[in-house]
1. Need the full-extension length gain, HIS108 to GLN217, defined as separation in residues times 0.36 nm minus the C-alpha distance. One decimal, nm.
2. What does the charge add up to near ASP409, with Lys and Arg as +1, Asp and Glu as -1, over the other residues with Cβ less than 13 Å from its Cβ?
3. If the viscosity is 1.567 mPa s and the temperature 4 °C, what translational diffusion coefficient in µm²/s does Stokes-Einstein give for region 193-337 when Rh comes from Kirkwood over Cα pairs?
4. 7 Å from Cα along Cα→Cβ at both GLU56 and VAL388: what's the point-to-point distance in nm?
5. Restricting to Cα atoms and excluding each atom paired with itself, what does the Kirkwood estimate give for region 72-172 in Å?
6. Given charges of +1 on the Cβ of Lys and Arg and -1 on the Cβ of Asp and Glu, with all other atoms neutral, how large is the dipole of region 72-172 about its Cα centre, in debye to the nearest 20?
7. Can you give me the angle between helix 288-297 and the longest principal axis of the chain, using Cα atoms only, in degrees from 0 to 90, rounded to the nearest 10?
8. Convex hull over the alpha-carbon atoms of region 162-220: what's its volume per residue in Å³?
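Each reported figure results from applying straightforward, stated rules to the coordinates on display, with no laboratory input. On a predicted model such as this, the values are computed, not experimentally measured, just so you know. Every residue, glycine as well, gets a Cβ built from its backbone with ideal geometry; the counts of neighbours run over all protein chains shown.
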Amino acid sequence: MPSWAWIIAAIAAVAIVVGGVFAYQRNNSGSDAAAASDSIAIGLTLAPTNLDIRNEAGTALDQALIGNVYEGLVARNSENTVIPALAKSWTVSSDAKTYTFELNADEHFSNGDALDSKDVVWSLDSVIKNEYQDYQVLANVDSIAADGANTVVLKLKKPDATLLWNLTGRAGLVFDEDASYDAKTQAIGSGPYLLKSFKQNESLTLTANTKYWGSHQAKTKTVVLRYITDTNAAINALKGNSIQVLAPITENLSASIAKDSNYVVKAGNDTDKFVLAFNGKGSKTSDKRVREAIRYAIDNKALISSRGGADAALGGPIPSLDPGYEDLTNLYPYDQSKAKKLLAEAGYSTSNPLKLNFEYANIYGTDLGNQLRSQLKAVGIDLNVKVVEFSAWLQDVYTNKNYDLSLVDHNESHDFYNWANPEYYFNYDNKQVQELYAKAVASTSDAEYESYLKKAARLVSEDAPADWLFNYRVTTAYRKGVTGFPLNLNQSLLPLWNVQYKA
């Protein structure tokens, strides 16, 4: 071969090698970019009827908007504890009556308006003045004032250990006083996402706020929340990849999903408490022996197992993610002989059964009612199970308190106050519990607050005004490649800035 041919061949070889290297790098880079999807769809159950978070009730609004579109002075993390948000820090006076919040610098709303202390003062004052949703939690506030552009001073009439946590919800959200929009269909906030569209009972679409002021920049450009009430349709949507996440999914139905290597199924902690309430003023349930017998007669582990096994046993009124939690399951363990003995003392037996009416809303299905009827029948209690429309339950049980036993999923966090309220539908009136709760709220330290709550919760459980059937744990199914989706509390708290999907 002539020398010039060797030169040409060498140049060609180098070109092929170099070209191959660049092609490899280009293709690798392209595949990485393609793998990180710019959108993700999430299947949820409860849909908001409109987006007016100041006036409309329902946790579906909290789930979709708080931490995504709207922000407050403080927020909650997945362990249900208070963390900074619009306020980067805060101090509390020695008498626990003055809270001073320092805002982050250069905060602004999604429309470009600056967010400063005046917006905070106006927002909190508006909640109290107009009695917006959850305004009651600010009843102890004496004054709210701005001290310069980045400092807010909030003064209380008396100490309130629940204040910071309450500010993580609707009462603490900060809005733009100057913005003009239809709050039922639009939203202007300061969060990492903007509201792109809302289709009632169908979907809510969020798009990344590219001008977000904070560190929680959205990792996915578009997030679609799809509301699917039919369980089979939701599972089919997950399998068909029209949604990449489904929350919640019942543990029993998730078994087939979990067997598929394309999916991940995990349970997260939540604050839902499935409460079997005993009417404290009922002609039969006012007898503590009857209430104790019912608790001994219930096999909580069997109930949990029948639901798939994800839920946690709960022996008292405070769930594991709330302050004051203590494992009280040993107070009334499953013991049929003790149940029969107590019923005998009260004048009942399997041959002379205690007859009780058990009314609850049909949103909970019939399985739990049937299982409880079977378990209680074994010790000499005949349950007349009545599954009704929710409106009927509201009238019969919640308003008129005309019931023996009832069932409710109390999903609120920090809701122990219901046991300190003798007017609540439980009809539970214990002065010592009320005093302990009042002391807890008036505490000037977290340790003192939790100590009083623990004492009060133990007293409540010992009194047996209810059986806490289980602490519901939410099960989520998602496609492999999904990261950053919150598992704990995701039915009421769903920050989405960290969510990604890599196919």
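1. Gain on stretching HIS108 to GLN217: 37.8 nm.
2. Neighbourhood net charge equals -2.
3. My calculation gives 67 µm²/s for D.
4. 2.9 nm
5. Mean inverse Cα-Cα distance, inverted, gives 13.7 Å.
6. My answer is approximately 320 debye.
7. Taking Cα atoms only, the helix is inclined about 50 degrees.
8. About 131 Å³ per residue, rounded to a whole number.
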